[in-house]
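> Right, I'll just put the structure down here and ask away after.
The values are calculated or read from the model by the stated rules, or taken from the named source; none is laboratory data. Keep in mind the model is a prediction, meaning the values are calculated, not measured. Every residue, glycine among them, receives a Cβ derived from its backbone with ideal geometry; neighbour counts consider all protein chains shown.
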């Protein structure tokens, strides 16, 4: 399969990026067996262009992050796979309907909100990891009002982000400055006071700054002597070493379940 031109599926943006416009009622969607069969098809025909994890390759676009900007529908993906996009170098395929739907089911699981897809792991165990000292997620992140405020709120992380993106944010938090707008920063005020934490919603006129204790400061830029932004995120970058494989799996299961609609 040539590059799966998901860009051709771009439709008017909705308020909640990453949501499907209309989830198909086809029985393959969300079926673990169909998703597994679709994974084999993807690895054999699509991964060469789009990468084994859908993150993009030399010829194919990133399928995972694409869904964060353009709402998708399962039926539209089905039609693109079957009909192709000649202008993007993607020919039509000859897959029968059942195999095409298996591939759609895999892409849905890969790029759709994590809360709408089967996720392996023990969410209850993941909650303990999230709140415990080993991971320490709750020190900086809040879920439904509980936790810290230094990092982004995670109350709807599973309802708004694909599982692959959530995993990347944990194991490679500085990749592509994923938390752009939440950079680690040090601000020195004209009165001599220095604050360390995270810069949020900054403009030429004002700065919302959360310090390392989780306190929010509303600062006029006229009062700032120097603002030093880090090139990375303040989030720890050693979770791959800090957590076991099972602990990371369970943590992902817990975060995937965080959906404000439920």
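> What's the number of the condition residue 147 fails, among (1) free of Cβ contacts under 8 Å to residues at least 24 places away in the same chain; (2) touching a strand residue (DSSP E or B) at 6+ places or on another chain (Cβ under 7 Å)?
(2)
> Could you grab me the full set of residues in the stretch 165-187 that are closer than 23 Å to residue 208 by Cα and either modelled with pLDDT of 85 or more or part of a strand (DSSP E or B) (or both)?
169, 184, 185, 186, 187, listed by residue number.
> Do we have any residue at all in the stretch 116-139 that's within 24 Å of residue 199 (Cα to Cα), assigned to a loop (DSSP other than H, G, I, E, B) and touching a strand residue (DSSP E or B) at 6+ places or on another chain (Cβ under 7 Å)?
no
Results for (1) surrounded by 14 or more Cβ atoms within 10 Å (Cβ to Cβ); (2) in contact (Cβ under 8 Å) with a residue 60 or more places away in the chain; (3) farther than 28 Å from residue 64 by Cα, shown as yes or no for each residue.
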| position | (1), (2), (3) |
| --- | --- |
| 151 | yes, yes, no |
| 188 | yes, no, yes |
| 200 | yes, no, no |
| 217 | yes, no, yes |
| 223 | no, no, yes |
